[in-house]
1. So which residues in the stretch 187-204 are over 11 Å from SER11 (Cα atoms) and of a type outside the set (Asp, Glu), if there are any at all?
2. Which one is nearest to ASP88 (Cα to Cα), of the residues in the stretch 394-430 that are surrounded by 24 or more Cβ atoms within 10 Å (Cβ to Cβ), in contact with a strand residue (DSSP E or B) (Cβ under 8 Å, 6 or more places away or on another chain) and not β-branched (Val, Ile, Thr)?
3. Between residues in the stretch 94-123 that are under 30 Å from THR160 (Cα atoms) and residues that are among the hydroxyl-bearing types (Ser, Thr, Tyr), which pairs lie under 8 Å by C-beta distance while being six or more apart or on different chains?
4. Can you find even one residue in the stretch 182-199 that is in contact (Cβ under 8 Å) with a residue 40 or more places away in the chain, of a type outside the set (Lys, Arg), surrounded by 19 or more Cβ atoms within 10 Å (Cβ to Cβ) and farther than 26 Å from ARG497 by Cα?
5. Does any residue of the stretch 72-79 turn out to be in contact (Cβ under 8 Å) with a residue 60 or more places away in the chain and assigned to a helix (DSSP H, G or I)?
6. If ALA85 meets every condition in (1) at positive phi; (2) crowded, with 24+ Cβ neighbours inside 10 Å; (3) of a type in the set (A, V, I, L, M, F, W, C) apart from one, which number is that one?
7. Considering only the stretch 217-232, state which residues are touching a residue at least 12 places away in the same chain (Cβ under 8 Å), part of a loop (DSSP other than H, G, I, E, B) and over 29 Å from the mean Cα position of the chain (by Cα).
8. From (1) in a helix (DSSP H, G or I); (2) closer than 23 Å to GLY243 by Cβ; (3) touching a His at 6+ places or on another chain (Cβ under 7 Å), pick out the condition that doesn't hold for VAL444.
Amino acid sequence: MSNSTALPGSSLDAGRRVRELAEATDGRTVDVLVVGLGATGAGAALDAAARGLDVVAADAHDLAFGTSRWSSKLIHGGLRYLASAQFDVAHESAVERGVLMTRTAPHLVGAQPFVLPLTSLVSRAQASLAWAGFRAGDMLRLAARTPRQVLPAPRRLTATEARHLAPAVRADGLRGGLLSWDGRVTDDARLVTALARTAAARGARVLTRLRVVRMTGTGAVVRDELTGEEGEIRARAVINATGVWAGELVEGIRIRPSRGTHLVLRSERLGALPAGLHVPVPGETNRFVLVLPQGDGRVYVGLTDEPVEGPVPDVPEAPESDIGFLLDVLGSVLDVPVRRDEVVGAFAGLRPLLDTSGDGGHDGTPARTADISRRHAVLTSDDGVTTIVGGKLTTYRRMAQDAVDAAVAARGLSAGPSPTAGLPLVGAAAPERLRGLPAPRRLVRRHGTEAVAVHALAAGDPALAEPVLPGHPVTRAELLWAARHEGALDESDVLDRRTRIGVVPEDRARALEAARESLARAATV
């Protein structure tokens, strides 16, 4: 790959969308239509295209518009699933974490340290249980064959060490801490963008702002949300990867959405955070609130696990009850609790959990969403649509593989096994190569090898080297790159998904003009 260009065939822009939408609706029959462009849908498009199939992938909104941009950014090794005896889910998570960290996306996914402060609220029995869990998590790492240099071992911390890694934690009553490690993606929406662009490089037609109005096992009626025009896409196989909206397109699928809420704080509020925090939730034996430094002047605090009833919104809102809960738990370990007016943003995502609870618990009440299995399921409707539901961000690749396997088998397509466990995404390279790139480290962690090209844009035009906002690291070059190569069509795409400026409403408002200028500039090329 050239040091100054994108991976050949991977660039997504408005012009390519127009051309490929016309092709997709010209009466031809493609092999696979994937509906939904979150992590699983984009992963399925890549999986099918990598097997040599002719693929169209569509989303009514944008890449990573739904659940896939609202995660904690963690690539879990499966520890939480051991506690509920979901050993297969735990092992699958650890394996997929290793695939991302060592082969497919080492530029985007790295090791994240966490400190569990042993305060007076954590009994010695609870500390022993947590330590046993971290040791079990390290055994999962070993079973998944993830190298020790990729994920260090857990260890006990003295009170001084714990305060060094978590200086905002209250010193009074602190008797030490537990240090553990897990996978963490720089940005979940950027992972989805990399998946979609890698699929595009393999020949997939990736079409955002294309709503599926009706769907069967042989195709779909679609509407271009930019023009209002309708058309038809004919396909030999159809995969429904629309997450919490899956039941709206295919009858008989019951989803129990679970809301996960995060708070956004300015980094200076908690000071330097060399590590994240595990903060035990009072009264729960295996549940924590996470404090996650983002490296962009912000810190996320999350998350909740609350059932959601009624119609599924396009963009969920974070209720005050969730915000209050997170602030209360966070305040239990801090020297100075965070006030409500210090929360500069909040976001919520809906987990697409498959409802298999029937009538609920023995007393007739529904089971807690926290207790619903995170296993994924592949379902085939009477008319042949393959639906993938459940699961989580970490295992998107395996979910996509299973969905394509099922679609290929059900529709009798000719395709080999999935190659995606060893297929690097756009920007991926060995760690030693990434470290040697002539580009800022922050860009490398977001763009991988393409950081050189993004940096070259800024070097060639001093105006593009300027930060979009004072105190925020994103430059105007990154906005322009998003419009030229990453399929960003409007300000929301640029600010809310290709960058994460938009999670703070005040910052979003101040960056709107820069986003508009970048989109206009991209349109003139």
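1. Taking the stretch 187-204 as the starting set, the residues that turn out to be over 11 Å from SER11 (Cα atoms) are 187-192, 195, 202-204.
ALA189, ARG190, LEU191, VAL192, LEU195, ARG202, GLY203, ALA204 - these are the residues of the stretch 187-204 that are over 11 Å from SER11 (Cα atoms) and of a type outside the set (Asp, Glu).
2. Across the stretch 394-430, the extreme among qualifying residues is MET399.
3. VAL109/THR186; GLY110/THR186; PRO113/SER180; PHE114/SER180; LEU116/SER180; THR119/SER332; LEU121/SER332
4. Taking the stretch 182-199 first, the residues in contact (Cβ under 8 Å) with a residue 40 or more places away in the chain are 182-199.
Applying the additional criterion that residues be of a type outside the set (Lys, Arg) yields 182-183, 185-189, 191-196, 198-199.
Of the ones still in play, those that are also surrounded by 19 or more Cβ atoms within 10 Å (Cβ to Cβ) are 182-183, 185-189, 191-196, 198-199.
Checking the rest, the ones that are also farther than 26 Å from ARG497 by Cα come to none.
No.
5. At the first step, the residues of the stretch 72-79 found to be in contact (Cβ under 8 Å) with a residue 60 or more places away in the chain are 72-79.
With the extra rule that they be assigned to a helix (DSSP H, G or I), the set shrinks to 79.
Looking through the stretch 72-79, at least one residue is in contact (Cβ under 8 Å) with a residue 60 or more places away in the chain and assigned to a helix (DSSP H, G or I).
6. ALA85 satisfies every listed condition except (2).
7. THR218
8. (2)
The values are calculated or read from the model by the stated rules, or taken from the named source; none is laboratory data. Computed from a prediction, not measured in an experiment: that's the story for all the values here. Note that each Cβ is placed from the backbone with ideal geometry, even for glycine, and that neighbours are counted across all protein chains shown.
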